[in-house]
1. From the list B:W100, B:W75, B:W86, which residue is at the interface with chain C (Cβ under 8 Å from one of its Cβ atoms) and either in contact with a helix residue (DSSP H, G or I) (Cβ under 6 Å, 6 or more places away or on another chain) or closer than 30 Å to A:L108 by Cα (or both)?
2. Inside segment C:710-735, can you point out the residues that are free of Cβ contacts under 8 Å to residues at least 24 places away in the same chain and within 16 Å of C:P793 (Cα to Cα)?
3. Taking the stated definitions as given, is B:P126 without any contact (Cβ under 8 Å) to a residue 40 or more places away in the chain, within 30 Å of C:V373 (Cβ to Cβ) and within 14 Å of another protein chain (Cβ to nearest Cβ)?
4. Considering only residues that are crowded, with 18+ Cβ neighbours inside 10 Å and either in contact (Cβ under 8 Å) with a residue 24 or more places away in the chain or on the phi > 0 side of the Ramachandran plot (or both), which ones fall in segment B:263-279?
5. Among the candidates C:Y30, C:Y65, single out the residue that is without any contact (Cβ under 8 Å) to a residue 60 or more places away in the chain and either hydroxyl-bearing (S, T, Y) or in contact with a strand residue (DSSP E or B) (Cβ under 7 Å, 6 or more places away or on another chain) (or both).
6. If we scan segment A:107-126, do we find a residue that is at the interface with chain C (Cβ under 7 Å from one of its Cβ atoms), within 21 Å of B:P95 (Cβ to Cβ) and either under 13 Å from the mean Cα position of the chain (by Cα) or β-branched (V, I, T) (or both)?
7. Within segment B:193-207, count every residue that is buried (at least 21 other Cβ atoms within 10 Å of the Cβ) and at the interface with chain C (Cβ under 7 Å from one of its Cβ atoms).
8. Output the helices (runs of 4 or more DSSP H) that fall wholly within segment C:65-148 and possess 3 or more residues being closer than 30 Å to C:P591 by Cβ, or say none.
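The values are calculated or read from the model by the stated rules, or taken from the named source; none is laboratory data. For clarity, every value in this text was computed on a predicted model and none was experimentally measured. Glycine gets a Cβ as well: all are built from the backbone with ideal geometry, and neighbour counts include every protein chain shown.
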Amino acid sequence: MAGHMKTDLPAHRNIFRMIAAPTVWAIHFLLVYCTAALWCARDWGSIGALQAVIFGYTAVCLILVGILGWQMWRQWDYFDDNDYIHDQSTDEHRREFLGHAGFMLACLSFVAIIFDTMPAIFAATCQ
Amino acid sequence: MLSAQDLPQPFDRKLAHALPLRPGTDHLKAAPALAAFGFLTACVGPQSALDPAGRDAETLADLFFWLVAGAVVLWVLMNGLMFYAWRAKPRPISPKTGRWLIFGGGIVFPTVVLAGLLSYGLSVIPDQRAPGEGLRVEITGEQWWFRVAYWPEGATEPIHSANEVVFPVGQRSELTLKADQVIHSFWLPSLAGKTDMIPGRVNRMSLEPTEPGEFRGQCAEYCGESHAWMAFTALTLMPEEFDAFLQDLAAPAVPPDTEVGQAGRTAFMAHGCGGCHTIRGTPARGNVGPDLTHVGSRLNLAAGALDVTVPDLAAWITDPKAIKAGAKMPAYDHLDPDEIVAMAVYLEGLK
Amino acid sequence: MTDATPSRIGEGYRRADLEKHEVHVAEGIYPPTEEMLTAPIDPELADAQKERLLAVWNDPPGWRYWSAVNNSEVGLWYSLTAFAFMLIAGCLALVMRLQLAIPDNDLISADRFNQFFTMHGSAMMFLFAVPMFEAISILLLPAFLGARDMPFPRLSAYGYWSFLIGGIFVMGSLLFDAGPAGGWFMYPPLTTIDQGVGPDIWLLGLSFIEVASIAAAVELIVGTIKCRPPGMRINLMPLYAWYVLVVGAMILFAFPPLIAGDFLFELQRSFDWPFFDPERGGDPLLWQHLFWIFGHPEVYIIFLPSIAVAAMVVPAAAQRPMVGYNWIVLSAVGTGFLSFGLWVHHMFTTGLPSISLGFFSAASEAVVIPTGVQLFAFVATLLAGRVKMILPMLWIAGALAIFTAGGLTGVMVALAPFDWQAHDSYFVVAHLHYTLFGGMVFPLIGGVYFFYPFIRKQMMSERLGRISFWLTFVGFNICFLPMHLTGLKGMPRRVYTYPGDVGWDTLNMISTVGAFVIAAGIAVFAWDLVRPKGKLMEDRNPWNEGSLMWSHRIPDHYWGVRSIPYVTSRNPLWDQPGIVERMDQGGYYLPDAQEGLRETIITSAIDARPQHVTRVTGPAWCTMWAAFFTGGAFIFPTFHWYPPAVISAVLAVACVIYWLWTSTARIPENPMKDVNLGLRLPTYVSGPSAPGWWGVFITMLGDMTAFASLIFGYFFYWTVHPNFPPPLADHANGAWVALSALCYAAAWGATRVARPINRSGAVVMAQVLLSAGIVLAIAGAAAIMLSVAALDPTSHVYPAILWAIAVWTAVHTIVGIIMQGYCLAGTIFGKVMPEYDAPIWNTVLFWHFLLITALVSTAVVGLVPRMM
C-alpha cells in the first residue's frame, strides 16, 4: 500500500549510505587493533589508559552507527505502511528497501562494535 | 661384522609400553554427562588434548566438551527443522512467522549466546598466559629437533638438553620459545595449547602440570621436509623428583666403563662429532646439533624418530637421511660398522 | 509506436541519472506503457531481425571456435577447466590419504607428500574454488540479468586463457618433482631459504592467476551494476546477483594484499631484499598478515557464491519467493564486511598480545550472526513453502547439514584459547573441510544439477545424481568426522606419516576409507556430467523457477535473449505472464542488430533506467596472445630469465593496446539508436555512465588496496621494530623526492585539464597538454627512482621497502604514460574526438589514483622517516 507520496531524494538512491554503518565498524576495528598493537609494542602506558581509549572509540562509533541507523530507519519508513517486503519496481520500494537493509546493517554493526570492545574488558593484557 | 641392514628395524617405539593409560581423569567427572561415556576411552592418549594432565589443558578440554554438547543440540535443531519441512510437509507457515524465525534464530539467539561464550573465552586468555613461578625453560625450534635449556630460579647458566622437556608438577613453568631458521610451533596437548616459535621473535607461554606422567609433544607448524618427525617427550615429576632430575642433568657425562664404550668415545672424538655436539666433561663442545651429555637417559632419539637403543643409534649415525629425510647431520656410512656400533654403545651409555 | 511524445523521458528521468557532461542522452518513452508491451509484432520484421541477430552472435566456425568470447563459451571452458583441476587436486588428496592410512607408511616420500599437500590446498583454492565461482558467474549472470553478454567479453576470454596457462604451469611442476612444497600459505623463512624453484612457481604462477581473478571480478561487478535489464532496480536483483556483487567487491579488497605480499616475497627471493629476514630487520610475520588478510575473506569468497546457488535452488524447491530477501542482502553484505576482521584467527598461536587476539576472536564470533541469518532464511522459506525434494535441493540440504557442523566447529576455533589446542591439528582439517565441502562442493554440485538444463538443454540423471549424493555425503562424514578426534588426540596437520603408538592409526584408516567413498561419489557425478544424454529437453523451465534465466529457448541461441525485457518483479517468470513469449517475439528492447554489431543495454546502477547501448567485443585471437605473453612475463622470471620476461611483457602490452584500439569505444556511425518500445539511446558514452569507466574505477580500487598493503608493511616494521628506520640509516634524497612529487602533481594537472579542453574542441591544446603530461610523468618516475638510487636494498629492510615503494610507483607510472600516449594517438588518428572522449575520461580517472599513489609514496619515502 503506497503511503502518501514522499519525494525521492538523490540520497535515497545512494547505496553507499546503506554500507556506511559497517564501514564505521571497519574503522572502529582498525582503530582498536592498531592502537592496541602500538600500545603493546611501544609500551605506551597503563592498560587502564588503553581501555579508556578503546571505550572512547567505541562510544564515538556507536553514536555514529546509531545516527546512521536512525537515518536508515527513517528511509525505511516502516510505520508509514507497515511494509517490509519492497519487491516492486517503484521509487518507494527501492528507497524503503535500501533503508531496510541499511537499518539492519546498522544493527549488525552495532552488535559487532560491542563484540569488538569486549576484549578490552575481559582480556585486557598485552601478555 | 654388523651391517646397517642387519640391525633391527629402527621404527619400533617404546612410548607405547612406557605409557600405561593414565587413570587420572578426575576433572572429567565435572564435564557434561554427554561426554562421559564411551567417548572417554577414545579420548585417551599420550598426546591427547582431551586427556589433560595440566591446568590449562583441563580448562580447554572442559570448554570443548561444553561446546560440543551445545553444538550437537544446535545442529539437531537446525537440521531437524529442515528435515521436518522436507519430510513432514507441514502446513506452510506464513512469511511473517518466517521472518520472526529468521530474527529469533539468526539474530537474537546467536547474539546472546555468542556474547556469553565470547566473554568466557576471552577471560580464559590471560589465565592461560599467567607468568611462571620459578622454572623457566628456553626451547628453540631447529630443523628438526628441539633445543632445550633449563633456567631454574636464580640460575646464571642454563642446563642443556634436547627433545625432552621435564616439568615439576603443581608449579607454573615459564617457556621461552625461539626458532633458529624457520617457524616451528611448540605443542604439548596434554598440558597446554601451542605457541609458535618464530625466527627473530621471542615468544612465551606457561603451563602447570597437575599430575606426574609421560607425554608426547610435537611441532605443529609445518617446518619442512621432516616436519612429521619433530616430536619430543615431556615428563612431569613431583617437585622433589624434579630437583633430583635437574641435578643429574647438570652433571657432566659419565665416562664409559666398557671397552667398546671407550672405543666408541675415541671414535666419536676422532671423527669430529664434537664439532657439532656437546658432551659435557669431554672435548666435544659443538653447538650445532643436540647436546648429547645424557643422551642415553632420554626417552627418544632424533626428535621422536627413533628410540635410544644401540641399534637405533647405530642406524642413525650410519645414515640419518634414510631415517629422517633432509636431516642436517651427515651420514657416516663410510665408517667401519664396528666403529659405528661402538659409538652407539658409548652414546647409549651416557645416562 | 515511436511517435509518442518524446518529452516523457524527461519526466521519467531525474538529474542524477544524467551526467552533466553527456552530449547525447536517452530520449523517447520510458518506462514503456501497457499498450506498447501488448502491441502486436510484425512477424516478417521479427524474422529479419532474428536472422541479423543470429549472424552477429554466432560462434565462429571450425577451429576458429577457440577465438570465441561469448560468455556461454568462455564460461563453459572456464568451469570445465576448474573442474578438471579439482579432480587432479582430489587425486592428490587420495594419494595422501593412502600414505596416511597406516602408520610409518612409505608409499610416497616426505618431499613428495609435502608437494602434494601444498598443491592440493593451492589448487583447490586458486585453481578450483575461486575460478569456479567466476566461471559459473560468467556463464550464468547475463542470463539472470537478461543481458546478451558480459560487458567486457574479451576480458573474460583473457582471464580464462591466463587461468589455463597459469594453472597448467603450476600444476605441471608436480610432474617434474619440482612442485612447491612450502604449504599453500608459503610461510617464510622456510620458503625464502628454499633453494629450488618451487616457491617461485607458486608465487609467480598464482600471482598471474590472481590477476586473472581480479579481472573477472571487475567484469562481474560492472556486469551486475550496469547490465541489468530495464526496470530491474536494485531491490529486484536476483539474490545470485547480490552475492556476485558482494563477492566481487571482496575479491577486490582481498586479493591485492596477497599480490603485494607476492611482490615483496619475489623481490626477496630474486634480489635478496630482506623483507622477511629477521637478521636484516625484516619480519616473517608480515607475510602472515598479508597472506591471511587475503586468506580469510577468501573463505567467504568461496562460500558466498555457493550460498548464492542455494538461494536460487531453495525458492525453486519451496515453489515460493525467498522469505526474507532483505535479510539475505543484509547477511551477504554484513558477511562481506565482517570477513575482513578475522584474519588473525589464523595467527592465534603466533604470540600476539592477548588483547589483539581478543579483537579477532570477537569479530570471528560476530560473523556467525549474518551467516546464521542466511541459514534461517532458507529454513523459513522451506517452512513457508511446500517442499518438493528436487535433486538439486537434496544436495543443498546435504550442504546445509555439513556446513552447519563446520560453522559450529568454527565457533569453537574462533575462541582463541581453544584454538591453541586445535590450531594446525587435524581438528582444523576437519573443520575447514566441513565448511568448504558443505559451503562449496555440495552447493556447487547441486548447482550443476540445477543449472545443467539451462546450460546444455538436457537433464542430468536423477538416479545417478542420488547415488552420487549418498556416496559423497556418507563418504564425507566417514572421512572427516573422525578427524576432529584425530586432531584433538594430538595429530598435527601436514605430517607425511606418524608413529603407530599414539592412538591415531584406526582413525586415519577410517578417514582413508571415507576418502575413497567420496571419490566414488564424485566419479559418479563426473560420469553423469560428461556422458552423452541424447535428446534435448522440451520444457525450458524444468524446475518452474522464476528468474529470467529460464526464458532461454531450446535449442539455445548464442544471443542470450532474443530481446531484453522490461522487468517489474523479482521473479518475472512467475509474476509477469507472457514475458517469455514476448521476449521470443522480439517485443522488448534491442531485438535487432542492424549495424551487425554485438550490443547490450547499459542501465543506471540503482534504478536500472536505460542509459545507452554498448557495443561489446566479438571473437578475437589477440586476447589469447595477450594472455600467452602475460604468462611469459610471469613464468620466465621463475627461472631468472629476465630478458625474455621483459620481451613478453612488452608484447602483452602491445596485444592489449591492439585489442583496446580496435574494439573498444569505437566511434559510432550514428550517435543515437532506436532500441524499440519508443526509446532511443546513445551509442557512445564516456565518463561514469560508461562500463569502461567503471572497469577502470573498480580495478583501481583493487590496485589501491595493494598499494595500501605495501604501506601497511612499512608501518608494520615501524610498529614491531623499535629502531625502524635504523638510527644511522641513510634516507632517500629529499630533493629528488620533492621534485618527484611536484612532477606528478603537474602531470596529473595537465592530464586532468586536457579532458575539458579536448571536449571544448581545442584538440591541439589538448595534445600539447597530454604530451606535457607524458614528459612530466617520466620525470616524476625518474626522480623517485633517483631518490633511492644511492641506497642498498639488500642491506636492510628499510632501504628495501623504500625501493619497493619507488618501484611500485614507477611501474604504475609506465601504465599512466601508456594511457596518456593512447589518448594522444587517439586524438591524432581520430579514435578520440571532442564528443567521443571515453579514453581520456578513463585516463584521467587512472591518473587520480596515480596521483594518490605518487603523493603517498613520496611522503613515506622522503618525509615520514625523517619524522620517525
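1. Just a single option satisfies the conditions, and that option is B:W75.
2. If the condition is that a residue be free of Cβ contacts under 8 Å to residues at least 24 places away in the same chain and within 16 Å of C:P793 (Cα to Cα), then C:L728 is the only one that fits.
3. no
4. Answer for segment B:263-279, where residues must be crowded, with 18+ Cβ neighbours inside 10 Å and either in contact (Cβ under 8 Å) with a residue 24 or more places away in the chain or on the phi > 0 side of the Ramachandran plot (or both): B:A263, B:G264, B:R265, B:A267, B:F268, B:C273, B:T278, B:I279.
5. Checking each option against the conditions leaves just C:Y65.
6. Checked against the condition, which is being at the interface with chain C (Cβ under 7 Å from one of its Cβ atoms), within 21 Å of B:P95 (Cβ to Cβ) and either under 13 Å from the mean Cα position of the chain (by Cα) or β-branched (V, I, T) (or both), segment A:107-126 yields no hits at all.
7. Qualifying residue count for the region: 6.
8. The helices (runs of 4 or more DSSP H) meeting that bar are C:71-101, C:130-144.
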